[in-house]
Amino acid sequence: GWTRGGPCKNLGDDFALEVLVPGNGYTVSAQPTLYWSTSQPVSGQFMFTVKPVAVATSGTVEFPAALLEAKKDLSVTAGIQSLSLTQYLVSLQENKEYEWSVSLTCDAQNPSLNRTATGKIKRVPPPAKMKTITTAASGSQWPYLYAEMGIWYDALDSLSGLIQKNPNDKQLHEVRASLLKQGGLAKVGLSQ
């Protein structure tokens with residue numbers, strides 16, 4: 001057995017830290033907002049990392065340097081949280097896959113005890129029809145259009161922006177829960 005230190009000693013065994021990522025997470029944004037969640041309120045030091053996925057070439061594996069390694073002391077409520085890459089001046093290249101993670105420091109001396117969640121994101125070029133559609137569409141239609149085009153990160157971000165502007169709109173919360181469920185994150189969607 002092991003004992004949790006730091007903020008983790010007060011967390012129940014059912015505590016979950018999750019990155020909100022479907023199987024394939026695409027964005028058209030160079031600086032997307034990344035979403036993650038906690039199942040319980042927690043205060044502590046969080047580490048955020050964004051790095052290109054390792055690439056095998058000519059029989060060797062190249063491990064590129066991280067674009068972002070940021071520590072933040074946070075006190076968060078249970079639910080969905082966000083991390084904007086804009087605030088860190090981090091930009092993703094098109095057609096490149098990245099791994100990102102959020103980690104709660106439970107024991108600074110023993111990182112294996114930390115709670116960590118990891119996901120992937122790939123920036124893709126905007127589909128040809130996207131400019132025409134999004135120009136004609138109102139902002140409230142964007143989440144649906146992004147979702148229809150398979151641009152999951154941007155669908156979640158535009159939907160979360162609408163929820164932030166209209167926090168009491170139950171329909172928006174239901175649509176986000178449905179999007180999360182479609183992305184394989186039904187447990188998170190139920191609690192939001």
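The values are calculated or read from the model by the stated rules, or taken from the named source; none is laboratory data. Note that the structure is a prediction, hence the values are computed from the model and not measured. FYI the Cβ positions are ideal-geometry reconstructions off the backbone, even for glycines, and counts take in every protein chain you see. For the accessible areas, the whole protein counts, side chains as well, though only heavy atoms, and no ligand, DNA or RNA atoms are used. Shrake-Rupley method; radii C 1.70, N 1.55, O 1.52, S 1.80 Å.
Which residues, taken from region 144-173, are closer than 14 Å to S29 by Cβ and crowded, with 18+ Cβ neighbours inside 10 Å?
Just the residues of region 144-173 that are closer than 14 Å to S29 by Cβ, to begin with: 146, 149, 151-158, 160-161.
Correct list: Y146, M149, I151, W152, Y153, D154, A155, L156, D157, S158, S160.
Please state which one of V55, V90 is more than 15 Å from the chain's Cα centre (by Cα) and either on the phi < 0 side of the Ramachandran plot or of a type in the set (G, A, S) (or both).
On inspection, the qualifying residue turns out to be V55.
Restricting to region 132-141, give me the number of residues that are assigned to a helix (DSSP H, G or I) and modelled with pLDDT of 70 or more.
3
So which residues in region 19-52 are of a type outside the set (D, E, K, R), over 28 Å from K129 (Cβ atoms) and touching a Phe, Trp or Tyr at 6+ places or on another chain (Cβ under 7 Å)?
Correct list: V19, S39, Q40, T49, V50, P52.
Check region 98-108 and report whether any residue there is open to solvent by 70 Å² or more (accessible area, probe 1.4 Å) and either out of contact with any strand residue (DSSP E or B) (no Cβ under 9 Å at 6 or more places or on another chain) or at pLDDT 90 or above (or both).
No, every residue in region 98-108 fails to be open to solvent by 70 Å² or more (accessible area, probe 1.4 Å) and either out of contact with any strand residue (DSSP E or B) (no Cβ under 9 Å at 6 or more places or on another chain) or at pLDDT 90 or above (or both).
Identify, please: which residue in region 101-130 is in a strand (DSSP E or B) and charged (D, E, K, R) and is, among those, farthest from the chain's Cα centre (by Cα)? Talk me through it step by step, then tell me what you get.
In the first step, residues of region 101-130 are kept if they are in a strand (DSSP E or B); the result is 101-104, 115-123.
Still in the list and also charged (D, E, K, R): 115, 120, 122-123.
Values: R115: 15, K120: 9, K122: 12, R123: 14 Å.
Checked region 101-130; the qualifying residue farthest from the chain's Cα centre (by Cα) is R115.
Can you tell me which residue is surrounded by the fewest Cβ atoms within 10 Å (Cβ to Cβ) among those in region 80-94 that are of a type outside the set (D, E) and in contact with a strand residue (DSSP E or B) (Cβ under 6 Å, 6 or more places away or on another chain)? Step through it out loud before you land on a result.
Residues of region 80-94 of a type outside the set (D, E): 80-93.
Applying the additional criterion that residues be in contact with a strand residue (DSSP E or B) (Cβ under 6 Å, 6 or more places away or on another chain) yields 80-84, 88, 90, 92.
Numbers: I80: 21, Q81: 17, S82: 15, L83: 21, S84: 12, Y88: 15, V90: 19, L92: 21.
By that ranking, first place goes to S84.
Considering only region 22-59, state which residues are hydrophobic (A, V, I, L, M, F, W, C), free of Cβ contacts under 8 Å to residues at least 40 places away in the same chain and either in a loop (DSSP other than H, G, I, E, B) or buried (at least 16 other Cβ atoms within 10 Å of the Cβ) (or both).
Within region 22-59, just A54 meets the criteria.
Within region 151-189, which residues are under 16 Å from the mean Cα position of the chain (by Cα) and of a type in the set (G, A, S)?
A155, S158, S160, G161, A177, G183, G184, A186, G189
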